[in-house]
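Engineer: One structure, pasted below without further comment.
Computed from the coordinates by the stated procedures, all read-outs in this text should not be read as laboratory data. Everything numeric here is computed off the predicted structure, so don't read it as measured data. Methodologically, a virtual Cβ is constructed for each residue, glycine included, from the backbone with ideal geometry; neighbour enumeration extends over all protein chains shown.
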Amino acid sequence: MSTETLQIEKQNAVAAYNKGDEGSKTLLENLFGKHHFITDILKRCTTLEDACRETGKDMQSILSIADPYKQAEAAIETFAEALREGEPAEECWYYPYFYRSSGGGFSFGDFGDGHDCSTVGARLRVDSAVKAKHLGNCMLSYYKTYINGK
């Protein structure tokens, strides 16, 4: 008995998925992984692990960074890169704003459009307000470390 490998172009697999019934979709998801058939980056990328899969980066190398500030920066940069979906970082993109309450709370609050005066690096920006909100909400704990330095 010989072992053969079958290859399929991603666009053909996605087309088959989109045209298929529930059984076909389940089969394709089981063969290739469900994430290949989710076209919305906001649904496909909700964790650092998802972002690393999208960008091809090694999550353990990010988590092994000893300095919490630099680890947070690397995690946010990776997540933003994933949300940009291969587009280069530009100067006038969106980024999340955060608010700190007097009680020590920290939360995502809004987004900026890059035209405002900002010291946010381009590599930490994304191309829409919706993605900036998603970035702020999904990476809240990393932003807390990044902004507070601890």
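Engineer: Can you tell me how much longer the chain between Lys19 and Glu85 gets when fully stretched, taken as 0.36 nm per residue apart minus their C-alpha distance, in nm with one decimal?
Structural biologist: The Lys19-Glu85 span can extend by a further 21.3 nm.
Engineer: Here is a follow-up. Rounded to the nearest 20 debye, what is the charge dipole size of the range 11-68 about its Cα centre when +1 sits on each Lys and Arg Cβ and -1 on each Asp and Glu Cβ?
Structural biologist: Around 180 debye, computed over the range 11-68.
Engineer: Can you give the net charge of the other residues whose Cβ lies under 11 Å from the Cβ of Cys45, counting K and R as +1 and D and E as -1?
Structural biologist: Computed value for this residue: -1.
Engineer: Still on this structure, please answer the following. Projected area of the range 29-91, taken from the Cα convex hull and averaged over every viewing direction, in nm²?
Structural biologist: The orientation-averaged projected area of the Cα hull of the range 29-91 comes to 5.0 nm².
Engineer: Can you give the FRET efficiency for Val130 and Ala66, using 1/(1 + (r/R0)^6), R0 = 25 Å, r = Cβ-Cβ distance, to the nearest 0.05?
Structural biologist: Computed FRET efficiency for Val130 and Ala66 comes out at 0.15.
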